[in-house]
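Below: the structure, in structure tokens.
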């Protein structure tokens, strides 16, 4: 490999069939020592390294991005590293184009879903401001009124990923927007719909949820809301 390494360089080191974010901790005497972000240390002779084994890390991966569609490093390791970087900064949402990736924080993040957040995202299109589930809900709401067609939001993830909570948050946003758009004559009816949608969840979860390996309150049933 003809690349010259310097101490402190950020690289991708391929180990166990995956690229790991790493730092060149030393490079002297034809020997390069890599320290991964996960605590492992690997030592290689520089003339034995290939481009398949180690690659320079693009600056987009070093600083992290809000939309992973602009990542220059195209592999699973870069995606996982970017999500981890943002999670450490308490940013649990990241775009992949028009797709929203959410990392379950398993804790309450103050202010993230309050009324000011609803109002903020209701005034912006998807991608104009920081990633948020309200941005997806708002895009759905805008498309509903603009195209006059039914809209669908697909929420996918493993057990404990936060699918049920994400559904509740989308319903909360849509209910708030619907209530805001109605005249005083229908305001009471809208409030009742919002209350019925949101407060039905604890009752259904009490009968239909169970503990799994990854989730103490996993939904074990399907729910269709119309």
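Here, each number is a calculation from the coordinates, and none is a lab measurement. Everything numeric here is computed off the predicted structure, so don't read it as measured data. With ideal geometry, Cβ positions are generated from the backbone for all residues, glycine too; neighbour counts draw on all protein chains shown.
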query: On average over all directions, what projected area in square nanometres does the range 10-58 have, based on the convex hull of its Cα atoms?
result: 3.2
message: Tell me the relative contact order for the range 61-109 as a rounded percent, counting alpha carbon contacts under 8 Å between residues six or more apart.
response: 34
message: Given the DSSP H assignment, sum -39500 (n - 2.57) over each helix run of at least 4 residues in the chain and divide by its residue total; what's the result at 222 nm in deg cm²/dmol, nearest 500?
response: -12000 deg cm²/dmol
- request: Using Cα extents along the principal axes in Å as the read-out, say which of (1) 80, 39, 31; (2) 47, 42, 38; (3) 86, 34, 27 was calculated from these coordinates.
  value: (1)
query: Sorting 75, 81 on the 10 Å Cβ count, fewest up front, what's the list?
result: 75, 81
- request: Highest first, please rank the peptides 170-177, 55-62, 38-45 by the mean number of other Cβ atoms sitting within 10 Å of their residues.
  value: 170-177, 55-62, 38-45
query: For the chain, what is the relative contact order in percent, using Cα pairs closer than 8 Å and at least 6 residues apart in sequence?
result: 10
- prompt: At what distance in nm do the modelled label points of residue 75 and residue 59 sit from each other, each positioned 7 Å from its Cα along Cα→Cβ?
  reply: 2.2
